[in-house]
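Worksheet: the structure to be examined is printed underneath.
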Amino acid sequence: MIRDRRAILALLTGLNFLNFIDRAVLAAVLPAITKDLGLSDSRGGLLNTAFLIGYFATCPLFGMRADKAARKGLITIGVIVWSAATVASGLASGFWMLLAARIVVGVGEASYAVLAPTIIDDLFPPERKGTALSTFYLAIPIGYALGYVLGGALAEHWDWRTAFLVVGAPGILLALSVLLIAEPPRKLLVAKAKIIEGLRELVAIPQFRRTVLGYTAYTGALAGFSIWAPTFLLRAFPDELNLETANRYLGIVLASAGIVGTVIGGRYANRSLSRHQVAPDEPYESRRNKLAVNSLLRTSAIAMALSAPLAAIGFFLPGAFAFFAVSFVVQICLFATTSPINTAVLRSVPEERRASAMAASIFSIHLFGDLWSAYALGLLLQSLPLKIAMMSLPLTFAWSAYIWRPRAREADGPSGTGSSAVPQARIHTPT
């Protein structure tokens, strides 16, 4: 059995790395897919929507199930499913087969994305949770970066199908190792607890609602850019870039800025919890915990407030390398929110509801955020000038900053107490 928490973190981070390679490959080879299959921009955006349909629709089911039982078996099944479906994406003979394969990829990824952060949260003390989660989420920029670079190179020298075949196989090998994880002890919901009861409890928590609402705006904009970034670069700077170089430089900027931003965000998350002296078993409704969550949201709001005007300027710069320079700073700000926001999701709810909270968060940010954003941006690109269409993204960044802005009243109330309006979950502690 794997008991060392650092080894468990490394394994889960490695799987997350493969997860985001798969997501970026679609964006990297999208220009080649649309050309080969004769797709419009809106249909190209639907390929990302298909993935998200499978992803967000099954997140609550995995989350509620994991609040009652072990998580590693669900993770293993999910990773195998998403890896096999990624391979199937490369074997698809037409648009509809590819669309179906992307839906199944989403189903598989849902179990992993929901459950892995809750295991990490259980493993580490408050003063190290931010660092642990930031390590896990470093897989986002690095995985996306490698996905762009690998996808662009394979599509340029072979074809887009090869890219899916190459990135799908390794996940199946790593999935079985998850079964060796020794899960940390935790509180579990009684088996007869209903999904609707858990959702009602979560929706009744103001800080959780605000965290997820801002996260929804953030995710919608970021996903729209991640899918259409290679296409934007090729159309905006046709004399400077081709498919391979656009993805290569995009990957370099994303990896370097993502690492810096994620590390910064993780340190601020640690500081927020330690400054307010949040104990390992701190009740979510205590004043200390609420102040810590507010601090996490404030960090994210500042980062987004900085990124919005810089992103707007970047889209109108005349050269590719000027764009990449500004994009580097913007992406530092964007990734600085990753650890604080996911820590806020987990800390704003009762301990026994954390898997459900992560599932509800993922469900919401995809249903109301990136489920439609890639398709909507595709429609804008068809009907508006290129750079005007891209301005929808910094406007949405600004909206997330407004939602996450500091609100001291959420921490009002006696220390150690919370609102009586929020029902308490029925729990048992396994022996």
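Listed values, structure above:
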item	result
Lone qualifier among Val326, Val349 - being over 17 Å from the mean Cα position of the chain (by Cα) and modelled with pLDDT of 90 or more	Val326
Some residue of the stretch 286-295 being at pLDDT below 85, more than 25 Å from the chain's Cα centre (by Cα), assigned to a helix (DSSP H, G or I) and surrounded by fewer than 24 Cβ atoms within 10 Å (Cβ to Cβ)	yes
Test: residue in the stretch 203-216 that is modelled with pLDDT under 80, farther than 23 Å from Phe324 by Cβ and part of a helix (DSSP H, G or I)	yes
Residue that is modelled with the highest pLDDT, among those in the stretch 119-165 that are polar (S, T, N, Q) and surrounded by fewer than 24 Cβ atoms within 10 Å (Cβ to Cβ)	Thr162
Test: Leu393 is within 30 Å of Phe225 (Cβ to Cβ), over 24 Å from the mean Cα position of the chain (by Cα) and at pLDDT 85 or above	no
Residue match in the stretch 244-255 (condition: under 23 Å from Gly45 (Cβ atoms), surrounded by fewer than 21 Cβ atoms within 10 Å (Cβ to Cβ) and not β-branched (Val, Ile, Thr))	yes
Single residue of Leu334, Leu317 found to be surrounded by fewer than 19 Cβ atoms within 10 Å (Cβ to Cβ) and of a type in the set (A, V, I, L, M)	Leu317
First in the stretch 26-37 and farther than 15 Å from Gly147 by Cα, second anywhere and of a type outside the set (Asp, Glu) and surrounded by fewer than 20 Cβ atoms within 10 Å (Cβ to Cβ), Cβ under 7 Å, 6 or more apart	Ile33/Leu39; Leu37/Gly94; Leu37/Phe95
Where a residue in the stretch 229-242 is surrounded by 19 or more Cβ atoms within 10 Å (Cβ to Cβ) and its partner, wherever it lies, is assigned to a helix (DSSP H, G or I) and of a type in the set (Lys, Arg), with Cβ under 8 Å and at least six apart	Ala236/Lys387
Phe321 being under 28 Å from Phe368 (Cα atoms), aromatic (Phe, Trp, Tyr) and part of a helix (DSSP H, G or I)	no
Listing of helices (runs of 4 or more DSSP H) fully contained in the stretch 3-101 that carry 3 or more residues being at pLDDT 80 or above and within 22 Å of the chain's Cα centre (by Cα)	5-37, 72-91
Test: residue in the stretch 234-256 that is within 28 Å of Ser364 (Cα to Cα) and touching a Leu at 6+ places or on another chain (Cβ under 6 Å)	no
Odd one out for Pro406, checked against (1) at pLDDT 85 or above; (2) farther than 16 Å from Asn48 by Cβ; (3) of a type outside the set (Gly, Ala, Ser)	(1)
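The values are calculated or read from the model by the stated rules, or taken from the named source; none is laboratory data. The model shown is predicted, which means the values in this text are computed figures rather than measured ones. All Cβ positions, glycine included, derive from the backbone under ideal geometry; neighbour counts span all protein chains shown.
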